[in-house]
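The values are calculated or read from the model by the stated rules, or taken from the named source; none is laboratory data. A quick note: this is a predicted structure, and the numbers were derived from the prediction, not measured. Using ideal geometry, Cβ is built from the backbone for each residue, glycine included, and neighbour counts are taken over all protein chains shown.
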Amino acid sequence: MQVPFLDLKAQYAGIREEVRTEVNDVLDSQICIGGAKVEELEQAIAKYCGCGYAVGASSGTDAILNALMSLEIGPGDEVITTPFTFFATAGCIARVGARAVFVDIKPGTYNIDTDKIGRAITKKTKAILPVHLFGQTADMDPIVDIAKKANLVVIEDAAQSIGANYKGRRAGTMGTCGCLSFYPSKNLGAAGDAGMILSNDAELAKKIRMMRNHGDESTYQHRLIGGNFRLDAIQAAVLLAKLPLLDKWTSERQKIAAYYNEAFAHCSKITTPAVSKEKTCVYNYYVIRVPRRDEVAKYLRQKQIGCSIYYPLPLHMQECFSDWGYSQDDFPESEKAAEQVLALPIYPELTAEQKDCVITAVLGAVED
Ligand SMILES: *Cc1c(COP(=O)(O)O)cnc(C)c1O
C-alpha cells in the first residue's frame, strides 16, 4: 500500500465547496489586496490564538522578517536562536544584517536548551528567537524571564505550531510577537504562501502593519522603510474556510501520534517524540529517532511509505552562514538529531490501513 508523506488532495476533497465559496467572494469583489477577508482572518486568528492583534503577512518568512525590521534589529545586533530549524529562522536574521548566535537544542523536544541561553548573551544581544519545532512550544517561561532580565525582545517562530499550548497559553502569544506560517504543509495551510504576526502590543502591531506596506502611514507618506509583506486576499479566503476545522484536524493528528507512540513503545531502537507535561503538541510533524536513519528511510521509500528529514544539516553548518564562524561539533545535540530524525506521515486523512502500514514498515526497517 502506498502512503504519501502528505496528501493535500485528500484534504481538499472534503472542503472543496467551502473553499470555493470563500474564494469566489474575493473574486467577485475584486478586492484582492487587503479588504474584508484579510481583516476577517486577522481577527479570527487573533481570537483563535487568544492575543490582542494579528497582522497578515505574505509568508511565514516575511512575518519573521517584518518582526525583526519592526523591532529595529539590524547590523551589529545579535539574535539568539537554534541551529536545528528551518532555514528561514536564521535567514531572516542574516537578511536584516544581524548575526544569529546559536544555542543547542534539548535532545528530547528538539527545542532550544534554555539552560544554555544565559551564556550566549552579550552586549550586542537584542532578541531571543525561539522556534516551536514540530508542533511543540519551547520552554517559554524561562525564555521570557531571561529576556526581561537582559532587556531583550522575544520573537516566537510559531510557524509549525499554531494552536499548541504552553501552560494554557498559545504558541506565538507569549513573547513580544510571534510568527505563523500558512505554507500549504503547515497545520493550517493556504493554497500558496501566507503568514501572520501575533502580538499583544498595540504600538508594535501598528508598526508591523505599516511596515508590511512599504512603511506607508497614510497615502504615500512613508515614515519607515518597509516592504511588500502583504497577505493575499484569496489566501485569506482559503484560510477562513479551513480555520473552523483546525481543532478537529489537530485532535486527529494527536490521535495518530498516540497510536504511533503505542506501536513503537516496545521497540528499543525507536525514540518517539517527547512532549513536556505543561504542553500540548499539535504535531505538524511526527518525528522519531532511529539508528541507521538513512537506511530506514530508504527501506520505507522502497515500500512506498512517505517519510522526510527535518533537518539534515543544522544551520551553523550551512555554507551561506560561514561568515558567522561556526564549525562542526559546535552544537552536538543538533548534529546528532540531524543524523537520526525521521518524520512519518501524520495528517487527518490517513486511513487506519495506512497507519498500520507505516508502523509495520518502520518496525520492519529497524529490526532488519
Ligand atoms: C515554514 C517555516 C517557516 C517559514 O514559513 P514560510 O511560510 O514557508 O515562509 C519559518 N520557520 C519555520 C520553523 C518553518 O517551519
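Looking only at residues that are within 12 Å of the ligand (Cβ to nearest atom) and on the phi < 0 side of the Ramachandran plot in the range 124-135, which one is farthest from the chain's Cα centre (by Cα)? Only one residue fits best here, namely LEU129.
Annotation note: of GLU17, GLU22, GLU42, the sole residue that is within 18 Å of CYS177 (Cα to Cα) and either of a type in the set (Phe, Trp, Tyr) or in the same structural domain as GLY192 (by TED's automatic domain parsing) (or both) is GLU42. Flag not set for ILE73, criterion: touching a residue at least 40 places away in the same chain (Cβ under 8 Å) and either within 11 Å of the ligand (Cβ to nearest atom) or surrounded by fewer than 19 Cβ atoms within 10 Å (Cβ to Cβ) (or both). Residue pairs whose Cβ atoms lie under 6 Å apart, sitting 6 or more positions apart in sequence or on different chains, and linking a residue in the range 219-239 that is in the same structural domain as ALA44 (by TED's automatic domain parsing) to a partner that is among the polar types (S, T, N, Q) and at pLDDT 95 or above, are PHE229/SER58; PHE229/ASN66; ARG230/SER58. The set of residues from the range 284-304 being among the polar types (S, T, N, Q) and in a helix (DSSP H, G or I) comprises just one member, GLN302. Out of (1) out of contact with any Asp or Glu (no Cβ under 7 Å at 6 or more places or on another chain); (2) crowded, with 21+ Cβ neighbours inside 10 Å, the odd one out for HIS132 is which? Every condition holds for HIS132 apart from (1).
Of all residues in the range 32-53, none are crowded, with 21+ Cβ neighbours inside 10 Å, part of a loop (DSSP other than H, G, I, E, B) and in contact with an Asp or Glu (Cβ under 8 Å, 6 or more places away or on another chain). Within the range 121-140, residues that are within 14 Å of PHE86 (Cβ to Cβ) sit with their Cβ atoms under 6 Å from residues that are hydroxyl-bearing (Ser, Thr, Tyr) and assigned to a helix (DSSP H, G or I), at 6+ positions apart or across chains, in these pairs: VAL131/THR89.
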